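Working notes for the structure below.
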Amino acid sequence: MVLGPKAGDGPQIFMTFQSTLKERGAGFLLLCAIVPMAVLGYLIMVVHGLFGQTARARGAVRALDHFVNASVFNGYPWESLSSHAWRERDQSWAKVVVRFLDFFQKDHCRRANRREQPIVDLVLEKGLHHQTIK
């Protein structure tokens with residue numbers, strides 16, 4: 001069990017800590033700007049869903065779906081909760097999601113995964129999921 005850095009690792013550890021700190025700082029500033037806009041976006045989504053452009057509301061719901069998948073279910077941010085549930089269909093939480101959505105549309109999660117899996121594979125193959133702020 002290694003409790004501390006090995007000899008000669010000092011600059012690398014400092015650079016890693018510094019880049020992590022930079023990423024966390026940028027993330028915090030983005031969250032401070034994005035969260036109020038997300039609340040406004042939610043309100044606009046409700047208004048458009050009830051009274052306005054259905055296509056605009058559908059796009060907002062899709063974005064919210066991806067956000068929930070990434071933040072609550074630890075999924076990929078470019079994948080819907082439905083597709084993620086199908087990939088993880090042996091997990092108890094995914095079984096609940098698949099059954100619930102099957103009530104509204106038969107094989108919804110399987111269809112979502114068939115549509116989205118090529119995107120997931122491409123993003124992973126190209127390494128687009130790696131850290132961007134260094």
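The values are calculated or read from the model by the stated rules, or taken from the named source; none is laboratory data. Remember, predicted model here, so these are calculated numbers, not experimental data. For neighbour counting, all protein chains shown are included, and Cβ atoms are generated from backbone atoms with ideal geometry for every residue, glycine included.
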Would you check which residues across segment 120-132 are touching a residue at least 24 places away in the same chain (Cβ under 8 Å) and either over 15 Å from the mean Cα position of the chain (by Cα) or over 9 Å from Ser83 (Cβ atoms) (or both) and list them?
Val123, His129, Gln131
In segment 83-134, residue modelled with the highest pLDDT [restricted to those that are surrounded by fewer than 14 Cβ atoms within 10 Å (Cβ to Cβ) and in contact with an Asp or Glu (Cβ under 7 Å, 6 or more places away or on another chain)]
Gln131
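From Ala26, Ala7, Ala57, which residue is assigned to a loop (DSSP other than H, G, I, E, B), at pLDDT below 95 and aliphatic (A, V, I, L, M)? Full working, then the answer.
Working: Ala26 fails: assigned to a loop (DSSP other than H, G, I, E, B); Ala57 fails: assigned to a loop (DSSP other than H, G, I, E, B).
Only one candidate passes the filter, namely Ala7.
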If a residue has to be outside any loop (DSSP other than H, G, I, E, B), under 20 Å from Gly41 (Cβ atoms) and among the β-branched types (Val, Ile, Thr) to count, how many in segment 68-99 make the cut?
1
Candidates Asp65, Asp102 - the one that is among the acidic types (Asp, Glu), in the same structural domain as His129 (by TED's automatic domain parsing) and in a helix (DSSP H, G or I):
Asp102
Report, ordered by the first and then the second residue, all pairs with beta carbons closer than 6 Å, sequence separation of six or more or different chains, a first member in segment 47-69 that is within 10 Å of Ser80 (Cα to Cα), and a second member that is surrounded by 13 or more Cβ atoms within 10 Å (Cβ to Cβ) and among the hydroxyl-bearing types (Ser, Thr, Tyr).
Asp65/Ser80
Looking at the structure I just gave you, is His48 outside the structural domain of His130 (by TED's automatic domain parsing), within 28 Å of His130 (Cβ to Cβ) and buried (at least 17 other Cβ atoms within 10 Å of the Cβ)?
no
Take Asn74 and tell me if it is of a type in the set (S, T, N, Q) and touching a Gly at 6+ places or on another chain (Cβ under 6 Å).
no
